[in-house]
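The structure appears below as structure tokens.
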């Protein structure tokens, strides 16, 4: 785990050096799009580690299908799949996959932004299970695609539900996942290629990391930061603190008003910066 | 879900047609190896859906690292990874992966053997969580690499622990996972390229599918069937019944004498025949 000082240094370095290069190399292959959005206004909900005597045992799948036509942050990085053998020709069926790690419902782990940070193969398994907290900003997201989950939203959630529990995974629910099947609407890039969708604010990320004891954060969009971010402050703050992020989360509407425990089923990708995952919630 | 009749027809067809082709095409690229093994003799253990008042909340990782030097059933099908971008050059780090679906700790889903069978993207999420049952055949596996978990082993487990609970995932513990870091010892192929390691017997698979209400089965070896099988009866029986298998499971020793709930975190690989997964147990 890195100190806030380390996080600050990394953040400054990344802002000065790395991301300007990155922006030139990878971030400008964008298509333009616009779309309608859906609002969900309820603001109830609380979360605690599931207890059998209270739990329904119902499983909610927080994962999208990982496929070749999904929306991706890097517009040209669609996963690729092909038949390797088939039942008809070979007696059984196996596909071959080729993809970069940050597509679909997937995890960001410290090494994604932090040189020397922990990779997903060695990240502690017991941090992959925890109480889910879902903070609903869908009302303001429906008004403004650049809306951010801010400290005030966290405070409002805590006023209604109590303090964020120890070990929580804190999800931003913007209602964005209804766009998933329309990748251009999901990326929502403008004429200059800048993406527009909600994310955490840098202040909210710092608050969660410094003032609360969380395991990670998650979003139903393509990035922990708002889509228009060029500095990735939320990524740096969360990952430098040794926490993780989950992007492209599905079905948060189904758990946002209920107690749930989340299981972050990310395979142990060797040296992985994160990667595709199955995220399940138990109600 | 298929009837036993369907399973029988599929099994006969696969035996007659598919696997002879498959054997010629893919199964003869084998290396020879032999190795020592480790025995574990305890035969205690019971499993039930975890209850909070009894649960420790301890997480046990049942997953190996998914990497480029792991043992694989198809000897030439090692996963491949390479840097796509790095923090040093690009501001952040992402790997590119290329692999076929049945490597590492991974799931077999009906479509793997059953034409028209369910693929992993649409397989019901609520079947991915259930009580773990671990049946220990490590004593006989230490004597005989071709040892199979038979109906008598299930009956002995039930005599000690009660009937296998509804919705269980039934694991075969052979002690084989201590060989994981030595891929040749793990595949344990003879001079003719035939692999030798434990698996379920066809009768045990039929018993579990027909006489008990299970979700799936799992092994700490490379195949649900014994390594020397050429007919894959266990695969066909389990998958034709709409159940799943998990291969390359790790750390079963840590849960075999304890109550545990297993979470099968397999990403929703589009049209997937199964695929790499994170398998976690909650004690």
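Odds and ends about this structure:
- A label point on residue A:152, set 7 Å along the Cα-to-Cβ line, lies at 7.3 nm from each of its counterparts in the other copies, closest listed first.
- The fraction of all Cα pairs in the stretch A:159-231 landing in successive 10 Å bins from 0 to the largest distance is 18, 44, 26, 11, 1, given as whole percents.
- Axis proximity, chain B to A: residue whose C-beta lies nearest, plus whole-Å distance: B:265, 1
- Label points for residue B:86 are taken 7 Å from Cα along Cα→Cβ. From this copy to the others they lie 4.1 nm apart, shortest first.
- Alpha carbon convex hull of the stretch A:199-242, volume per residue in cubic angstrom: 62 Å³
- Distances between copies at residue B:271, taken between label points 7 Å from Cα along the C-beta direction, are 3.1 nm in increasing order.
- When its C-alpha radius of gyration is set against 2.2 N^0.38 Å (N residues), the stretch A:148-196 gives a value of 1.57.
- Using every pair of separate Cα atoms, the Kirkwood estimate puts the hydrodynamic radius of the stretch B:226-281 at 13.4 angstrom.
- At 1.002 mPa s and 20 °C, Stokes diffusion of the stretch B:98-165 via Kirkwood alpha-carbon radius, µm² per second: 140 µm²/s
- Both numbers refer to the Cα atoms of the stretch A:60-112; Rg and Dmax are 14.0, 43 Å.
- Diffusion of the stretch A:47-177 by Stokes-Einstein, at 20 °C in a medium of 1.002 mPa s and with Rh set to the Kirkwood radius over alpha-carbon pairs, works out to 115 µm²/s.
- Computed label-point distance, nm, for sites residue B:271 and residue A:56 using a 7 Å Cα→Cβ extension: 3.5 nm
- The alpha carbons of the stretch A:115-262 stretch over 42, 39, 27 Å along the principal axes, in descending order.
- The alpha carbon centroids of the stretch A:146-218 and the stretch A:239-283 are separated by 14 Å.
Each reported figure results from applying straightforward, stated rules to the coordinates on display, with no laboratory input. Just so you know, these numbers come straight off a predicted model, no measurement behind them. Positions of Cβ are backbone-derived with ideal geometry, glycine not excepted, and every protein chain shown enters the neighbour counts.
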